[in-house]
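Some notes on the structure that comes next.
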Amino acid sequence: MGLTQKEQVFTALLGAAVASGLTALVLVLVEAANVLLPAGTKFGIVIDAGSSHTSLFVYQWPADKENGTGVVSQALACQVEGPGISSYASDPAQAGESLRGCLEEALARIPEAQHQGTPMFLGATAGMRLLSQKNSSQVEDIFAAVTRVLGQSPVDFRGTEILDGQDEGAFAWVTVNYVLGLLIKFSFSGEWTRPPEGMLVGALDLGGASTQIAFMPGGPIEHESTLATFWLYGSSYRVYTHSYLCFGRDQVLTRLLARLVQSSSDGLVRHPCYHSGYRTTLTAGTLHESPCVHPMAPQNLTQNLTVEGMGNPGACITAIQELFNFSSCQGKGDCAFDGVYQPPLQGQFYAFSNFFYTFDFLNLTSRQPLGTVNTTVWKFCKMPWKLVEASYPGQARWLPDYCASGLYILVLLLEGFGFSEETWPSIEFHKQAGGMDIGWTLGYMLNLTGMIPAEVPAQWRAESYSIWAAGVAFVVLTLVAILGAAMVQLLWPQD
C-alpha cells in the first residue's frame, strides 16, 4: 500500500533536514580536519658548543603546528669531531672549520627549498664562559671564525651566544618536561589540559666544565633571584636553577689531580682514584691552564710528573670532598654547598649528560638502589688496571677516570645536592626522553622561535570550536526537521 501525500511530504522534509544536518556536520569536520593535516615540515638547527665537544641538532615540526606542542622531533644529532670550540684559542680558524662536517649533514637532511627559512643558533656553555674569564679577546676570535663558516651556509644563521649557567639549567628543564608531555596534554575528552605540577620532573646536568640543577620548588622561596620564570600555555612556572662552574666532570678531574700534585714533594703523584697498577706521566704546567685551578703552580711548570694509581675508593672520596666547601653551609637550612641557597628537593629528576654516560658505563642506569650503586662503584675502583684494560677493550680514553667520575657523582648528588637513600629512587639516568637527546638545546630553540606560546594557541581553540559548532549545527537542523514534521502533522488536512 503506497504512502499518502501527507506521509510523502513528511518523509521528504525529514530526509532533507537530516541530509542538510549531516552535510553541515561533514563540512565543519572537514574544515577542522584540514587544520590538523600537515602542510609541510619546518626545521631548526641548534649547535651546542660545550666545553669538551660540540654537538649539532636538527629539529623538525609540522608547519601548521608551529605554535603547537608535542610535535617537535629530533631529525639529526651530529657529534662534531675534535674538542670543544674553546680548545681552539690558539687557532680560532679551526673552531669554525671543525663545524663543516656536521653542517653538511644538517643541510643534506633539510630539503634545499627550506634552507633559507631554517633558523640556526649556536650556544656556547661553560667552556667558553671559562675562556671569557681568562681571555675575552680569544672568545671574540673564536666566535668570529665560527660566524664566518656558519654565516656562509644557506640557512638563516642567527648568531652566537654564551649561555649563562642559569639559562642552561632552565632550558634543560623546559626540554625534559616538554618532550615528556608534562607541560600540556590532549585528554581523552578532547581538551588540552595542564598535567598536575607534581608530575613535573627536575633536571640534573653534568657537563665538562659545569653542573646544573633545576626543579620546581614545593614551597616558599627565600631568594627570588634563584628562580627562572616561564609563562607557558597559560600557566606560570617558577623554576629553581643553579649552575656550578668548575664542577663539571673534566674540571673536577683536573682540580683533583692538581691538588694531589700540590701535596706531592718527590715528583711521584699517588692518585687514590686511579686503579692500582696504572701509571702515566704529565707536565705540571698543563694542569694550571684552566681558570678552575687556583694559582698555586709549582715553580717548575715544565717538570714531568709520574702519576701512580692506588685503587683506594675511600681515599678517593676524601680527596673529592676537599673540592667542595661544605662548611659554608653550616647553620643554613636550605643550602647545597659553597654557600649556595637551594630549596628542598621536590619530585622526580632526570639526570643526563655525564651523569648518564658514567653510570651507563658502570651499568647503573636501571634504577638500582643506592646500596647497589655504592657497591658497584667501589668494586670497579678496586679492580687492578690490567683487569680493567682487559675487561673494557677500545675504551682507553676515559677508562682511567670512570672510578673518580662515579664517586664524584655520588658525592655531588648526596652531599652536594642533598639526595638521600630515601630520595635516591627519585633520580632516573637517561640520555634521551621521548626519542630526543636531553639537554638545553631544544628548550633554547623553543624559546627563541616562540614555539611555546604563553597561552593555549588559538588554533586549538578553533579546532575545538569547529567540532562544537558541527555538533550544534546537526542538533539544530535535526530539531528543525522534527518540528517541521510536527507542523505538517498538525496543519495538513486529515484524509
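The values are calculated or read from the model by the stated rules, or taken from the named source; none is laboratory data. Model, not experiment: these values are computed from the prediction. So basically every Cβ, Gly included, is an ideal-geometry build from the backbone, and we count neighbours across all protein chains shown. Accessible surface areas use protein heavy atoms only, side chains included; no ligands, DNA or RNA. Shrake-Rupley method; radii C 1.70, N 1.55, O 1.52, S 1.80 Å.
Restricting to region 148-167, and then to whatever is under 29 Å from Ala108 (Cα atoms) and part of a helix (DSSP H, G or I), can you tell me which residue is nearest to the chain's Cα centre (by Cα)? Within region 148-167, the match that is nearest to the chain's Cα centre (by Cα) is Leu150.
State whether the residues of region 332-341 include one that is closer than 22 Å to His242 by Cα and crowded, with 20+ Cβ neighbours inside 10 Å.
Step one: filter region 332-341 for residues closer than 22 Å to His242 by Cα, giving 332-341.
Next, from what is left, pick out any that are crowded, with 20+ Cβ neighbours inside 10 Å: 336-337.
Yes, because at least one residue in region 332-341 is closer than 22 Å to His242 by Cα and crowded, with 20+ Cβ neighbours inside 10 Å.
Among the residues of region 254-289, just one is hydrophobic (A, V, I, L, M, F, W, C) and more than 16 Å from Leu305 (Cα to Cα), namely Cys273.
Give the residues of region 110-147 that are outside any loop (DSSP other than H, G, I, E, B), without any contact (Cβ under 8 Å) to a residue 60 or more places away in the chain and surrounded by 14 or more Cβ atoms within 10 Å (Cβ to Cβ), sorted by residue number.
Of everything in region 110-147, those that are outside any loop (DSSP other than H, G, I, E, B), without any contact (Cβ under 8 Å) to a residue 60 or more places away in the chain and surrounded by 14 or more Cβ atoms within 10 Å (Cβ to Cβ) turn out to be Leu131, Ser132, Gln138, Val139, Asp141, Ile142, Phe143, Ala144, Ala145, Thr147.
Within region 251-268, can one find any residue that is surrounded by 21 or more Cβ atoms within 10 Å (Cβ to Cβ) and within 30 Å of Gln346 (Cβ to Cβ)? Checking region 251-268: at least one residue is surrounded by 21 or more Cβ atoms within 10 Å (Cβ to Cβ) and within 30 Å of Gln346 (Cβ to Cβ). Only one of the listed residues (Leu323, Leu362, Leu345, Leu370) is in contact with a Phe, Trp or Tyr (Cβ under 9 Å, 6 or more places away or on another chain) and either basic (Lys, Arg) or under 19 Å from Thr241 (Cα atoms) (or both). That residue is Leu345.
Within 17 Å of Gln346 (Cβ to Cβ) and of a type in the set (A, V, I, L, M, F, W, C): which single residue out of Leu245, Leu227 fits that description? The conditions single out Leu227. Candidates in region 399-423 are the residues that are among the aromatic types (Phe, Trp, Tyr) and touching a helix residue (DSSP H, G or I) at 6+ places or on another chain (Cβ under 8 Å); of these, the one that is most open to solvent (accessible area, probe 1.4 Å) is Tyr402. Restricting the first member to region 254-280 and to residues that are among the polar types (S, T, N, Q), and the second to residues that are surrounded by 21 or more Cβ atoms within 10 Å (Cβ to Cβ) and at pLDDT 95 or above, the beta-carbon pairs closer than 6 Å and six or more apart or on different chains are Ser276/Gly309; Ser276/Gly311.
Quick grid of which residues meet (1) closer than 25 Å to Thr175 by Cα; (2) under 21 Å from the mean Cα position of the chain (by Cα); (3) of a type in the set (A, V, I, L, M); (4) modelled with pLDDT of 95 or more:
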{"site": "Val46", "(1), (2), (3), (4)": "yes, yes, yes, yes"}
{"site": "Ser52", "(1), (2), (3), (4)": "yes, yes, no, no"}
{"site": "Tyr59", "(1), (2), (3), (4)": "yes, yes, no, yes"}
{"site": "Asn67", "(1), (2), (3), (4)": "yes, yes, no, no"}
{"site": "Arg100", "(1), (2), (3), (4)": "no, no, no, yes"}
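For region 226-239, check the following and say yes or no: at least one residue is small (Gly, Ala, Ser) and either more than 23 Å from Ala172 (Cβ to Cβ) or open to solvent by 30 Å² or more (accessible area, probe 1.4 Å) (or both). Yes.
Any residue that is in a strand (DSSP E or B), at negative phi, out of contact with any helix residue (DSSP H, G or I) (no Cβ under 7 Å at 6 or more places or on another chain) and modelled with pLDDT of 80 or more - is there at least one of those in region 435-458? Give the derivation first.
Going residue by residue through region 435-458, those that are in a strand (DSSP E or B) are 436-437.
Keeping just the survivors that are at negative phi gives 436-437.
Add one more test, that the residue is out of contact with any helix residue (DSSP H, G or I) (no Cβ under 7 Å at 6 or more places or on another chain), and what stays is 437.
Filter once more, so that each one left must be modelled with pLDDT of 80 or more: 437.
Checking region 435-458: at least one residue is in a strand (DSSP E or B), at negative phi, out of contact with any helix residue (DSSP H, G or I) (no Cβ under 7 Å at 6 or more places or on another chain) and modelled with pLDDT of 80 or more.
When the residues of region 298-311 are filtered to those that are open to solvent by less than 50 Å² (accessible area, probe 1.4 Å) and touching a helix residue (DSSP H, G or I) at 6+ places or on another chain (Cβ under 7 Å), which remaining residue is modelled with the lowest pLDDT? Here the residue is Pro298.
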